[in-house]
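Notes follow once the structure below has been shown.
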Amino acid sequence: MLWQEEETQKDSVMSQSVVDLNFNIECRCLAVDHAYALSRAIHDTLSWFEHELQAGLHLIHGADSGNGWCSPADFLYLSRRTKLTLRLPKHRLEAAHALTGITLDIAGNSLKIGKATQKQFITTPVLFARHIVANPNEDEDAFLDNAAEKIQALGIQCRKALCSKTHRFTLPDKEIFTRGLMIADLKPEESISLQEQGLGEGRKMGCGLFVAHKDIKTLKPNGEK
C-alpha cells in the first residue's frame, strides 16, 4: 500500500482528446476469459484499431463480476444494459461507428453491436484499473512500487495506491497475469491524463485502462480513522 495524505478534491469535467465510446449490445453469454477473442474480433472489423496507440478495449463485465474485488464465475450472463466500450482518440470516433449493426463471433458466442454514445472522462480523484499487466513472481509491494514509478514517469504524482484481485488471461501462445490497481488523490489534470494515457501494455485486451471509482477516503492504513 502507498499512502500520502493530501487535500480531497471535487469532481469536475475538463476537455480531453480521448473518450469512451459505449455501444449497446445483444449478447446472452460470454466466457470470463474473453479478452483475446473479443480483441481479435475488433481487430478484424476495424483495421486501424490495432495500430492506434491511444485506442483501448474495455472487457465486458457481468453483474456477478463485482467491481474487481470478488471472483467471477467461468461465464458472464449479460443484461440488456451491458455495453461494449472502446477507448478512442476523438479523431477515430466516426470510423468506430462501422461496428454498429455487426454481429461478432466471440469464441462461439454471438455479440450483436448496436448504436453508440460518447462518454467523456470524469475528473474524479480516484481511478481504478481492473487489469494491469504484472510479473506473477512479484509480490504486491513490488507491484505497487513499479506502478508508482511508471505513473510518475507519465508526469503524475502517485500519492495513494491499492492492489485488488489478480487475474490470468489465456492467449494462444502464452498467459497474461494482471493485478487490479486503484489510484487516489489525483488532481483533476492528473485524473484526465492517467485515463488518456493508461498504464503499461495490453490496452487492446482491456489492460492498463482506468475508470472512475468511488472515493476511498474512509479507507485508512493500519485501521486509522
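Throughout, read-outs are computed from the coordinates displayed, never taken from laboratory work. Being a predicted model, the structure only gives us computed values, none of them experimental. So basically every Cβ, Gly included, is an ideal-geometry build from the backbone, and we count neighbours across all protein chains shown.
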**OP:** Would you please put 42-49, 128-135 in order of how densely packed they are, using the mean number of other Cβ atoms within 10 angstrom per residue and starting with the highest?
**Re:** 128-135, 42-49
**OP:** Multiply the residue gap between Lys115 and Gln16 by 0.36 nm, knock off their C-alpha separation, and tell me the result in nm, one decimal place.
**Re:** 33.4 nm
Original post:
Cα-based Rg of the range 116-225 per 2.2 N^0.38 Å, rounded to two decimals?
Top reply: 1.08
Original post:
Which residues in the range 170-200 have a backbone N closer than 17 Å to a point placed 7 Å from the Cα of Glu149 along the Cα-to-Cβ line?
Top reply: 199-200
**OP:** Could you give the size of the charge dipole of the range 86-225 about its Cα centre, using +1 on the Cβ of each K and R and -1 on the Cβ of each D and E, expressed in debye and rounded to the nearest 20?
**Re:** 640 debye
Original post:
From largest to smallest, what semi-axes in whole angstrom does the range 22-65 give when each is the square root of 5 times an eigenvalue of its alpha carbon gyration tensor?
Top reply: 21, 11, 11
Subject >> Calculated FRET efficiency for the pair Lys187/Tyr77, C-beta based, R₀ 30 Å, to 0.05 >> reply: 0.15
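Mind putting a number on the dipole of the range 18-119 about its Cα centre? Charges go on the C-beta only, +1 for Lys and Arg and -1 for Asp and Glu, and I need it in Debye to the nearest 20.
420 debye
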Subject >> Inter-probe distance in nm under a simple model that places probes 7 Å from Cα toward Cβ, at Arg168 and Asp141 >> reply: 2.5 nm
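Based on alpha-carbon atoms only, what is the radius of gyration of the range 55-203 relative to the globular estimate 2.2 N^0.38 Å?
Taking N as the residue count of the range 55-203, the ratio is 1.13.
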Original post:
For the range 18-119, treating each Cα as an identical point scatterer without solvent, what Debye log10 I(q)/I(0) comes out at q = 0.13, 0.18 1/Å?
Top reply: -0.43, -0.84
Original post:
Can you pull the three principal axis extents for the Cα set of the range 98-170, in Å, largest first?
Top reply: 44, 32, 19
